[in-house]
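K.L.:
The structure follows.
What follows draws every value from the coordinates through simple rules; no lab data is involved. Predicted, not measured: the structure shown is a model, and the values here were computed from it. Counting neighbours? That spans all protein chains shown, and the Cβs are built from the backbone with ideal geometry, glycine included.
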Amino acid sequence: MNKEYIIEKFREAGFEISDKKAEMFAEYCDMLAEWSKIMNLTAVKDEKEIVSRHFTDSLLPLKTEFIKEGAKCVDVGTGAGFPGVPIAIMRDDIEMTLLDSLQKRLTFLDAVIRKLGLENCKTVHSRAEDAARGYMREKFDVVFSRAVAKTSVLAEFCIPLVREGGYMLALKSVTAKTELEEAEKAIAVLGGGDAEIFGTDDRNIVVIKKIKNTPEKYPRRSAKAVGDPIK
């Protein structure tokens with residue numbers, strides 16, 4: 001991938017990027033394309049589409065005010081590293097944990113971390129509900145998710161990881177408003193306060209502030225949380 005192309009596309013999306021960071025994104029893009037030949041990392045194979053559909057989209061949270069300097073962050077269900085890796089590249093002042101239940105994805109991400117020298121990034125192999133019921137419970141300033149689950153389900157996996165006063169940021173599409181309305185009861189039960197939506201018609205961030213501790217019974221096991229969302 002050509003770093004000049006990355007610089008141009010990032011600028012069009014409203015992000016200024018140094019040559020060094022553009023080179024890091026170019027290497028990440030090349031690794032995604034190469035590793036995707038042997039494992040299912042992303043359905044997007046074209047490198048230019050990776051830049052537009054994954055990289056710049058993952059950086060939308062940086063247009064908000066919720067990621068403070070030195071923030072301790074976790075990307076839940078990180079997959080191929082979105083949005084966690086792009087955010088960690090751009091913000092080397094924060095700590096980023098990449099959480100996923102599939103070890104082969106984390107093997108790829110460990111290789112990316114070594115290749116790019118991302119000292120502010122680490123991987124953790126765990127289901128979100130197990131992490132949230134263990135030592136990672138209520139430890140993070142910001143919890144990210146770009147998963148395909150509905151907001152009511154994501155809230156049960158993510159909010160328990162957020163410390164009081166921290167934020168859950170979920171990257172959503174055109175369904176953001178409808179999903180948020182459906183998730184109001186779950187958010188309140190889990191310790192969340194009023195939620196806001198930032199973005200455009202088809203690229204949105206649902207922001208939920210944690211205002212009180214999550215009851216000990218949550219999160220439930222994945223099958224229960226997905227099959228019977230809080231409502």
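K.L.:
Is it possible to state the helix-based mean residue ellipticity at 222 nm for the chain, with each DSSP H run of 4+ residues giving -39500 (n - 2.57), the sum divided by total residues, to the nearest 500 deg cm²/dmol? What is it?
P.N.:
Only helices count here, giving -10000 deg cm²/dmol.
K.L.:
Find the relative contact order for the chain and round it to a whole percent, using C-alpha pairs within less than 8 Å whose residues are 6+ positions apart.
P.N.:
15
K.L.:
Over all directions, what mean area does the Cα convex hull of region 95-231 project, stated in square nanometres?
P.N.:
Projected over every direction and averaged, the Cα hull of region 95-231 covers 8.3 nm².
K.L.:
Now for a different question. Looking only at the chain, where both bridge partners belong to it, what percent of the DSSP beta bridges are antiparallel (to the nearest 5)?
P.N.:
40
K.L.:
Which far-off residues, 5 or more places away or on another chain, put their amide H under 5 Å from the one on G166, with H placed in the peptide plane?
P.N.:
Residues meeting the criterion, in which the H sits 1.01 Å from N, are K210.
K.L.:
What is the gain in length, in nm to one decimal, between D30 and D46 on full extension, counting 0.36 nm per residue of separation less the C-alpha to C-alpha distance?
P.N.:
4.7 nm
K.L.:
Continuing with this model, one more query. Which of rounded, prolate or oblate describes region 140-221 when judged by the alpha-carbon gyration tensor and an a/c cut-off of 1.5?
P.N.:
Prolate, because a/c is 1.5 or more and a/b exceeds b/c.
K.L.:
Rounding to the nearest 10 and keeping the result within 0 to 90°, find how far the Cα-based axis of helix 3-12 lies from the longest principal axis of the chain.
P.N.:
Its long axis makes an angle of about 50 degrees.
K.L.:
Please work out the FRET efficiency for the pair E216 and R53, using the Cβ-Cβ distance as r and a Förster radius of 45 Å; give the result to the nearest 0.05.
P.N.:
My answer for the efficiency is 0.70.
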